[in-house]
Every structure is written in structure tokens, then in C-alpha cells.
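Just below is one structure, and these are the notes that go with it.
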Amino acid sequence: MAEIISGKEVSAAKREELKKRVKALSDKGISTGLAVIIVGNNSASRVYVNNKKKGCEEIGVTSFEFALPEETTGEELISLINKLNNDSRVDGILCQLPLPKHIDEKAVLNSIDPAKDVDAFHPVNVGHIMIGDFTFLPCTPAGIMEMFRYYNIPVSGKKCVVVGRSNIVGKPMAMLLLKENGTVEICHSRTASLKEECLTADILVAAVGIPKFVTADMVKDGAVVIDVGINRDEDGKLCGDVDFAAVEPKASYITPVPGGVGPMTITMLLENTVRSAESKELLK
Ligand code: GUN
């Protein structure tokens, strides 16, 4: 029987801390603001953006929403970002992905001032992550590290296997685990003998985007299993990348879906936004 890691609980504790930090800034006359940009009518993106705005409200951060039509051009979007880069009320700029196909996503992300890049997607911040010098944290991986701290799960010296090599989760996850002295392996769709690799993991992070991809025969007894997936199963029910019912009895700790990693991502975005506002304090 595994202990269930509650992202809701860790997230609530972290948001209490953030609320105090925002209040401390406000007491010194320093505002905290997040600009949230959404382009088009992607319904999943709308849910994420609403949750990000709700998170801001909860901890006292002002959110500025920019909902742009599907036909917005890349130039128009970059022009808005340039304005926000120079707006002192805005500490963080978040452009919800995916963008409509006609917009060059890389050019848009590169136009965000690295000092306001609270998603940590700009190459400058990716470089910071690579050398272990964190201005902004990669939100989903940082949320997972926060869960390890909260539950006193050691990483140092552990064999960590990350399944998935995305720029948003897999690669930065590997960097954070490495910084905490984990022995890290990244697996992906071309990995030979994936099952055998996964079986070596003390900590297994699944970030592949395939429903119930990680099955019980891929998990070592007593492993810590982290599920980053948000998928729908054959019945349309929300599920992760891990076959939870089968894997849970073998694991020592496991994250559920929903209520695991998901709530942490937005909380760490808020952490980055508050950090950005706190950096203004140093300039005062
Ligand atoms: N779309 C899916 N995940 C994310 C995220 O973490 N940030 C942004 N901006 N868009 C996303």
C-alpha cells in the first residue's frame, strides 16, 4: 500500500506562504501582477487560464487577462508582449500554449523578457536551469520537488527514471533531480527495453501523455511513482500516465490524477510571479 501524495495539501501549504509574501510586499507599497495571455478558443487552455487567475486571486496577486481572437497574428501578439515587458505593474507574463498553428511559438516565447518569464520557457532561463542557477523554476518539475520536500522523500543517491523528454517537463525534471544529487536517466519512445529501465527506478516520473502507460510490471517494489499525465481513459474519465489501481499496491508513494502534480504547477507559477515582484524590492 502506497502513501498517496496529495498535491492539494502541498499546494495549499505553499499558497499560504505565498499569500504572506505578497502581503509583505504590499505593506511596503509593492504590487504583484501577472499578465495571462490566451489566443483562440482551446477549451482546455481556457480551464487552465481560469485556474491561474483564480490562483492569483487566492494569494492577492493582480491578474491581467488578454483574451485574443484565433486570427491574431504573431506580430500582434509580440507587440502586446513588448508592451507588457515595459509595464511596471506586470511582474510575470504567461502566454498559454498551444498557440494557433499560424503563430511561431518559439518567436513568441523568445519575445518575453526573461525577467518576467514565469513559465521559465525562454532560452535564457532554460540555460539558468541547466547550470543549476535558478531565477525562475520550471513549474511542473519544481512542483514535484516541492512534494518530495513536504513528504521528506529523499532524492540524493536515488536512481531516478524520467519517462518523457519534453522541454516543459522531462528535460527540466532531470535537471532538478540531478541538482538534488539523484542519479538520473531519461527514457523516451525510442528507448530500448523501457520496462527494464523503469524497473531500476527508486523514483519514477511518468510524463509521456499516454493514458495508463506505466503498468505494474514496470515498477520496482517500494518505488516512488510520480504521474504528470492528464488524459482521458476509454470511458472519458480523467486519468494519468500511470495505471494507478495496479501500480499503487507496489509503490511506497504515488501521486493520484487528479489531485497530484496538477495543483502544484499553478502554485509554482505563482511562486515565480512572487519572486519576480520580490526582485523589485531589491531595486527600491
Ligand atoms: N500549456 C500546457 N502547460 C502549460 C504551461 O505550463 N504553461 C503555458 N504557458 N502553457 C501551457
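Can you tell me which residue is farthest from residue 98 (Cα to Cα) among those in segment 154-185 that are β-branched (Val, Ile, Thr) and buried (at least 19 other Cβ atoms within 10 Å of the Cβ)?
Filtering segment 154-185 for residues that are β-branched (Val, Ile, Thr) and buried (at least 19 other Cβ atoms within 10 Å of the Cβ), the one farthest from residue 98 (Cα to Cα) comes out as 155.
For segment 144-173, give me the residue count where each residue is within 18 Å of residue 242 (Cα to Cα) and within 14 Å of the ligand (Cβ to nearest atom).
Selection size over segment 144-173: 6.
Report yes if some residue within segment 267-280 is away from the ligand (no atom under 16 Å from the Cβ) and not in a helix (DSSP H, G or I); otherwise report no.
Within segment 267-280, none of the residues are away from the ligand (no atom under 16 Å from the Cβ) and not in a helix (DSSP H, G or I).
Could you please give the count of residues in segment 111-134 that are in a loop (DSSP other than H, G, I, E, B), in contact (Cβ under 8 Å) with a residue 24 or more places away in the chain and within 16 Å of the chain's Cα centre (by Cα)?
Summing the residues that are in a loop (DSSP other than H, G, I, E, B), in contact (Cβ under 8 Å) with a residue 24 or more places away in the chain and within 16 Å of the chain's Cα centre (by Cα) in segment 111-134 gives 5.
Of all residues in segment 18-48, how many are within 21 Å of the chain's Cα centre (by Cα) and not in a helix (DSSP H, G or I)?
9
Quick check on segment 2-17. Is at least one of its residues within 16 Å of the chain's Cα centre (by Cα), touching a residue at least 12 places away in the same chain (Cβ under 8 Å), over 30 Å from residue 283 (Cα atoms) and within 16 Å of the ligand (Cβ to nearest atom)?
Yes: segment 2-17 contains one or more residues that are within 16 Å of the chain's Cα centre (by Cα), touching a residue at least 12 places away in the same chain (Cβ under 8 Å), over 30 Å from residue 283 (Cα atoms) and within 16 Å of the ligand (Cβ to nearest atom).
Tally time: how many residues in segment 149-177 are of a type in the set (A, V, I, L, M, F, W, C) and free of Cβ contacts under 8 Å to residues at least 24 places away in the same chain?
Final tally of qualifying residues: 1.
Do we find that residue 149 is at pLDDT 95 or above and in contact with a His (Cβ under 6 Å, 6 or more places away or on another chain) in this structure?
no
Taking the criterion of being crowded, with 18+ Cβ neighbours inside 10 Å, in contact with a Pro (Cβ under 8 Å, 6 or more places away or on another chain) and among the aliphatic types (A, V, I, L, M), would at least one residue in segment 88-104 satisfy it?
Scanning segment 88-104 turns up no residue that is crowded, with 18+ Cβ neighbours inside 10 Å, in contact with a Pro (Cβ under 8 Å, 6 or more places away or on another chain) and among the aliphatic types (A, V, I, L, M).
Give 44, 67 a once-over and let me know the one that is more than 22 Å from residue 277 (Cβ to Cβ), away from the ligand (no atom under 14 Å from the Cβ), surrounded by fewer than 22 Cβ atoms within 10 Å (Cβ to Cβ) and among the aliphatic types (A, V, I, L, M).
67
If residue 135 passes every condition in (1) buried (at least 19 other Cβ atoms within 10 Å of the Cβ); (2) among the β-branched types (Val, Ile, Thr); (3) more than 16 Å from the ligand (Cβ to nearest atom) but one, which one does it miss?
Exception for residue 135: condition (1).
Pick from 84, 77, 99: which is more than 12 Å from the ligand (Cβ to nearest atom) and touching a strand residue (DSSP E or B) at 6+ places or on another chain (Cβ under 6 Å)?
Criteria check complete, one pass: 84.
The values are calculated or read from the model by the stated rules, or taken from the named source; none is laboratory data. Just so you know, these numbers come straight off a predicted model, no measurement behind them. So basically every Cβ, Gly included, is an ideal-geometry build from the backbone, and we count neighbours across all protein chains shown.
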